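All remarks here apply to the structure that follows.
The values are calculated or read from the model by the stated rules, or taken from the named source; none is laboratory data. Here the structure is a predicted model, which means the values were calculated and not measured. All Cβ positions, even for glycine, are placed from backbone atoms using ideal geometry, and neighbour counts span all protein chains on display. Side chains are part of the model used for accessible areas, which takes the heavy atoms of the whole protein and leaves out ligands, DNA and RNA. Shrake-Rupley method; radii C 1.70, N 1.55, O 1.52, S 1.80 Å.
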Protein chains: 4
Amino acid sequence: MTEKRTDLALEVRESFPRNHVEVQGVILEKEEYLDGNVQITKVQIRDDAGSRAMRKPKGTYITIESEGLLQGDCDREPILLCICDQLEKMIPSLKRKSVLIVGLGNREVTSDSLGPKMTDHLFITRHLEQEFGVGFMRENDYGCVSAIAPGVMAQTGMEAGELVESLVKRTRPDLVIVVDALAARSVRRLCTTIQITDTGIAPGAGVGNRRKELTKETLGVPVVAIGVPTVVDAETIISDHLECVLQKQGYSEHEIEQFLREMLTRETENVMVTPKNIDESVNQLSEDLAHVLNHCFQKKG
Amino acid sequence: MTEKRTDLALEVRESFPRNHVEVQGVILEKEEYLDGNVQITKVQIRDDAGSRAMRKPKGTYITIESEGLLQGDCDREPILLCICDQLEKMIPSLKRKSVLIVGLGNREVTSDSLGPKMTDHLFITRHLEQEFGVGFMRENDYGCVSAIAPGVMAQTGMEAGELVESLVKRTRPDLVIVVDALAARSVRRLCTTIQITDTGIAPGAGVGNRRKELTKETLGVPVVAIGVPTVVDAETIISDHLECVLQKQGYSEHEIEQFLREMLTRETENVMVTPKNIDESVNQLSEDLAHVLNHCFQKKG
Amino acid sequence: MTEKRTDLALEVRESFPRNHVEVQGVILEKEEYLDGNVQITKVQIRDDAGSRAMRKPKGTYITIESEGLLQGDCDREPILLCICDQLEKMIPSLKRKSVLIVGLGNREVTSDSLGPKMTDHLFITRHLEQEFGVGFMRENDYGCVSAIAPGVMAQTGMEAGELVESLVKRTRPDLVIVVDALAARSVRRLCTTIQITDTGIAPGAGVGNRRKELTKETLGVPVVAIGVPTVVDAETIISDHLECVLQKQGYSEHEIEQFLREMLTRETENVMVTPKNIDESVNQLSEDLAHVLNHCFQKKG
Amino acid sequence: MTEKRTDLALEVRESFPRNHVEVQGVILEKEEYLDGNVQITKVQIRDDAGSRAMRKPKGTYITIESEGLLQGDCDREPILLCICDQLEKMIPSLKRKSVLIVGLGNREVTSDSLGPKMTDHLFITRHLEQEFGVGFMRENDYGCVSAIAPGVMAQTGMEAGELVESLVKRTRPDLVIVVDALAARSVRRLCTTIQITDTGIAPGAGVGNRRKELTKETLGVPVVAIGVPTVVDAETIISDHLECVLQKQGYSEHEIEQFLREMLTRETENVMVTPKNIDESVNQLSEDLAHVLNHCFQKKG
């Protein structure tokens, strides 16, 4: 089967032909919240067999799906609180940790600008602790939050990973949270799905090319990655539809693969599929994620 | 055959099954410039039969294609001069006309922002004529240029057409030039093709929904429309690839159409296909088109 | 006395040497709200004598002052409701009127961008009435609001006045509301003061040069102007401080005037005095004013 | 004498009452270029006595002044080449050095955004060396340039100095060039003057508050600072004009100082003086400085 690109562990899991059968080393749990308006799926890759099957590092991948996220005028607050809950479950005593929040991506490329735009809305406090002391922070119930949007190589000449590594060495946070735009396989998931994982960021993930991984191994502290799919590869969407038709026609997997190889030209390499309202959605989601993080780390209410 | 959306007359013409045969009432001419790096195709719809066949108003549609437009670092000047030439051929004594240049579209939606961003780079002179007189304009070899980016209905509550009509009535230019982002059928044409037509803008064209037409009939002065395709409908790209495969399989047109109807779900309605570098391309092309117009109307050199 | 530039009727009134004495034809009333955190001053110019003395057209000028407007993190809602109240007092049955809201100024010049940025946050409904009818509007308790940011002459080649006049003729609103950045005399008033007047906009007011007046006489419908001072002339601030010193020294008005004339060089012509946080303040105030107008014209709650 | 704030060594030097007399340890040289359209002044602080007198670190301060920089439509190229020359004189074999270019300041505050906006226009090459090797760089005559706009503490929670220090430790450039907006004393110098110094950046310089110094001592490599004044303190401009008047009146320095102390209220603390076209000037100058640096480090022609 031709491989389709997706950064969502959930979609990798769904791609196994018989979805209902267990994949060894991979645990799948589903829950619903807010009268079914929010679906939360937890994929846990427990061992090397699971990691090989899923082609993803061992760890926990939580996917929060809600059509509500795509609608600008709905009440987003309850959905956002669900995301807070999941983060807090993943990282015990989250609020008491000092955190460096990293907004990956290119601010000048709409579909890749989620991370940098998110940092614009964060409530930053680390410098207040440096200036007014720990007592001041406790009185105000402030966590210790710093942030960086490291840009992309064409802007800085440095890999985001180099930049973040040197900052972590210098400022020694307890935790790094990385926010990034992702690629999905299904258009239905664009800007409606949030993936949270404790595995950090692997090379080649994201919308742009992030080459250096950001993981506990490279940074020395736990790394939580929060991602939202904003694009589908044009090839993926075409292949998916074609496969579907040809399977109904009774073609074998091998035959289908040959078709696809013939058909997909270089033409589709330079294009991508995005929501029609990508500009508005990315702006909204970057505010949403900052709101979630502000809520997790700062004074409640 | 399922109808594919395109704003390019050239692509409508190409969609006729036997491309080499004449369509009645439609004349097609092709030329190449700059060692084949620029292809110029002129489609003339001469009578009502041609208009019905092409589903486009009678008039002249010139398409300028160059891969060079997609490359940020190439020498764009010679390509841009080709566009100037075509404009000047279409409108006799262009430079001596007073012109209102209209940048259609939504500045906040990247793929639809070509028109408004273009107006940012125009050299505007009408107010100088009002202030310093015709003599001053002649001395400096200035044309009389005014411009407006009327926004979209969700921003103003008014149709762009209402706004432009009332301005034309008030300021009485000799000519209106409308710049707009278009939808194409082929991804290869995205941001590499410029269509110039003397028919103005018909309802429903463009990336957004423009409902009121901007034509010589509605405005009372000649209307030239300059458009650049920035999006392909997701359905179009999928259908095109499917058709191609199924035709090779020997399916009839009727059978293919049934397949497509079954397969295309509502899912693809809310997504679009754009170049991966759409942000950069739209910025570059909006500067290019302003440069072309400044060159046509203002002092040479 | 050297004349100081101000667009605030309140500051003109204050400039009269003996502030406590009545100026003929001018009525002054002051009120306080929110425990003195909001001061509201109403200057009414009742007859031609008052108009000559004040060098402003006859009409009502309401000034709402609150230091709270400068502080990003205060609770702005009660202050904004005071502004709504004043608007509703000035225009009877405001909510039932169809309105064209005009954001004057240059979006690219921070201190002059209040008007255009305000329009970005308006809830626009006129097109909904056109599409879904009056019944739909009543059900949703929507007013009929359209908006335009006409830009400045260097951007369009047209005076804002020409553009607004032709739109009013075409769309026939019951009321025009114009939002503009103003010049003040006192730095204390920058971004802390809002002036509402039923006289419209006179030539030469505002931060940029607006040449065409926007008044009931020119537009044929009532025109309410809402202005916020964002700049003080550099000459004004220097003169004010000098005068103060020289008066204490016992110099006569004539002597002081001679000093000032000698001293103020052309150097200060090209500079202006703005708040250090002008970018943030203008962004905040443009949202505030849109919020006020949305509240006045749309469904409560 | 009341101390006036300026980041320009030239203005400190000018403030000495008898300008023509030597200040011990300070050497002053002046040159003119382009028919007097560009004035270049070199202030060298040679020893501790000079440093104390000037209240600036020992080193070389070159000031390039040209009214032409304020005019958008003049031919800027010759002026920019003068700046290149001065940089190349200050740093021997500049082109062969690997450089980290730092754009200090807050992108969201117009008068402080010069540094960050400059980085947008740089031609970045360090990642090309990493990917394609030194041979590729030599063939194309590329220098090795990386860049960062570290933001301000309220955005990141980190001092720009911490960020730059950790990057220098990691990426080991031969040279750091810092670009920053400055405060001047004279409005005539706003956006018309460029200061280049080999002393780096001292605490408290710049338009915002930069607290950590960026110098050879802190970074371990030479640090060249390029600054352009974009603001004058409101107090400075008022005091300067007052002093001038009172000196003519025969008041003593002591008396003048008392006047000033009485008069300058807290009101002027929160305002600044900027050019009326600050937005346009900062955009233009940030492109100019990037152009100068691209020219210094990349292929000529």
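In the full protein context, the protein assembly as shown carries 43 Å² of accessible surface per residue, based on a 1.4 Å probe and ignoring ligands, DNA and RNA.
Interface between chains C and B: roughly 2200 Å² of accessible area buried, both sides summed (probe 1.4 Å, protein heavy atoms only).
With R₀ set to 22 Å, the beta-carbon distance separating B:Q247 from A:Q247 gives a calculated FRET efficiency near 0.70.
Using a Gaussian network model of chain A in which every pair of alpha carbons under 10 angstrom is joined by a spring, one finds that among A:C191, A:C82, A:C74 the greatest mean-square fluctuation is at A:C74. Any chance you could tell me what percent of the C-alpha pair distances in the range C:145-301 go past 23 Å? Of all Cα-Cα distances in the range C:145-301, 51 percent exceed 23 Å.
Relative to the longest principal axis of chain B, what angle (0 to 90°, nearest 10) does the C-alpha long axis of helix B:278-297 take? It works out to around 40 degrees.
Projecting label points 7 angstrom from Cα along Cα→Cβ for B:K58 and B:K216 puts them 1.0 nm apart.
The distance between label points at B:E267 and D:R170 comes to 3.9 nm (points 7 Å beyond Cα on the Cα→Cβ vector). Summarising the strand pairing of chain D, around 60 percent of its internal DSSP beta bridges are antiparallel.
Given +1 at the Cβ of Lys and Arg, -1 at the Cβ of Asp and Glu and no other charges, the dipole of the range A:129-258 around its Cα centre is 180 debye to the nearest 20. For chain D, modelled as a GNM whose springs connect Cα atoms under 10 angstrom apart, the maximal fluctuation among D:C84, D:C144, D:C244 occurs at D:C244. Computing the accessible area with a 1.4 Å probe over protein heavy atoms, can you report the carbon and sulfur percentage for chain B? C and S atoms contribute 45 percent here. Rounded to the nearest 0.05, what FRET efficiency is calculated for C:H254 and A:C84 with R0 set to 60 Å and r the Cβ-Cβ distance? After rounding, the FRET efficiency stands at 0.30. Chain B's nearest residue to the axis relating it to C, judged by Cβ and reported with the distance in whole Å, is B:S166, 2.
Secondary structure note: in the protein assembly as shown, about 60% of the DSSP beta bridges are antiparallel. With a cut-off of 11 Å, note down the residues of the range B:217-238 whose backbone N falls inside the zone around a label point 7 Å from the Cα of B:S15 toward its beta carbon. So the set is B:236. Placing unit charges on the Cβ atoms only, positive for Lys and Arg and negative for Asp and Glu, gives the protein assembly as shown a dipole magnitude near 0 debye about its Cα centre.
Inter-copy label distances at C:E139, shortest first and taken from points set 7 Å along Cα to Cβ: 5.5, 6.4, 6.8 nm. Entry for the protein assembly as shown at q = 0.04, 0.06 Å⁻¹: log10 I(q)/I(0) = -0.24, -0.57, Debye formula applied to identical alpha-carbon scatterers, no solvent contribution.
Calculate the mean, over all residues of peptide A:243-255, of how many other protein chain Cβ atoms lie within 10 angstrom of the residue's Cβ.
Values: counts 0, 4, 9, 4, 0, 3, 4, 0, 1, 0, 0, 0, 0.
Mean partner-chain Cβ count within 10 Å for A:243-255: 2.
Compare C:Q24, C:Q247, C:Q39 in a GNM of chain C, Cα atoms joined below 10 Å, and give the one with the largest fluctuation. Result for chain C, Cα springs under 10 Å: C:Q247 fluctuates most. Inter-label distance, C:E31 to B:K95: 6.4 nm, where each label sits 7 Å from its Cα along the C-beta direction.
Placing a label point 7 Å from Cα along the Cα-to-Cβ axis, D:K30 is separated from the same position in the other copies by 5.2, 6.9, 8.2 nm, shortest listed first. Comparing the full protein assembly with the isolated chain, the residues of the range B:258-281 losing at least 50 square angstrom of accessible surface (1.4 Å probe) are B:F259, B:M263, B:E267, B:V271, B:M272, B:K276, B:D279. Size descriptors for chain C, from the alpha-carbon set: Rg then Dmax equal 19.9, 71 Å. Distances, shortest first, from the label point of B:D47 to those at the same position in the other copies read 8.0, 8.0, 10.0 nm; the point lies 7 Å along Cα to C-beta.
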